[in-house]
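The values are calculated or read from the model by the stated rules, or taken from the named source; none is laboratory data. From a predicted model like this one, the values you see are computed outputs, not experimental measurements. Virtual Cβ from ideal backbone geometry, glycine too; neighbours counted across all protein chains shown.
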Amino acid sequence: MTHHSPSLLRLACPILAGLLSACSYLPFSRPLPPSEPGAIDRPPPLALAADGTPQVQSNGVTIQKVEFRPGVSSATVEHLAGKAACTGGWGAGLVTEPGPVEIYRMACDDGRVFLARCELRQCRPMSK
């Protein structure tokens, strides 16, 4: 059995105490503000539109999304959009009320918007 001299313990204790106190200087051990006990820094939650997608803002104004509604000419408009190299998204949704003249909108994968006007189910593109 080894016996340590008291002088070795006197030297080891201040060194050990110095090492332990150094932990209080690390950046992750900063105290939380008293007004927010246990708070964790997180970005604010994303606001969601009615369809579950994130809301979009332009110049600080929230852009209202139009709920997707299929119409009787949705398939026809999607075919026209395909001819104009517009594919993807939910498809062609009815923007106006159903009736003899209807406007359809389709969001393209490349960011463009395809619009079509249908009169008595005869549809023509409105986009360039």
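For segment 64-77, give me the residue count where each residue is part of a loop (DSSP other than H, G, I, E, B) and farther than 24 Å from Ala47 by Cα.
4
Among the listed residues Glu67, Glu36, which satisfies the condition of being among the acidic types (Asp, Glu) and at pLDDT 60 or above? Before you say what the answer is, go through the steps one by one.
Working: Glu36 fails: at pLDDT 60 or above.
Within the list Glu67, Glu36, the selection yields Glu67.
Can you tell me which residues in segment 78-121 are of a type in the set (D, E, K, R) and surrounded by fewer than 13 Cβ atoms within 10 Å (Cβ to Cβ)? Steps first, answer last, please.
Filtering segment 78-121 for residues of a type in the set (D, E, K, R) gives 78, 83, 97, 102, 105, 109-110, 112, 117, 119, 121.
Those that are of a type in the set (D, E, K, R) and surrounded by fewer than 13 Cβ atoms within 10 Å (Cβ to Cβ): Lys83, Glu97, Asp109, Asp110, Glu119, Arg121.
Identify the residue in segment 78-107 that is closer than 17 Å to Leu120 by Cβ and in a strand (DSSP E or B) and, among all such residues, is farthest from the chain's Cα centre (by Cα).
For segment 78-107, the residue satisfying everything is Val101.
Please enumerate the residues belonging to segment 101-120 that are at positive phi and modelled with pLDDT under 95. Even if it seems obvious, please write down each step before you answer.
First, pick out the residues of segment 101-120 that are at positive phi: 111, 120.
Residue satisfying the conditions is Gly111 alone.
I'd like to verify a number: residues in segment 108-121 that are part of a strand (DSSP E or B), under 15 Å from Val72 (Cα atoms) and either out of contact with any helix residue (DSSP H, G or I) (no Cβ under 9 Å at 6 or more places or on another chain) or acidic (Asp, Glu) (or both), how many? Steps first, please.
Of the residues in segment 108-121, the ones part of a strand (DSSP E or B) are 113-119.
Then keep just the ones that are under 15 Å from Val72 (Cα atoms); that gives 116-119.
If we keep only those that are either out of contact with any helix residue (DSSP H, G or I) (no Cβ under 9 Å at 6 or more places or on another chain) or acidic (Asp, Glu) (or both) as well, we get 117, 119.
Result for segment 108-121: 2.
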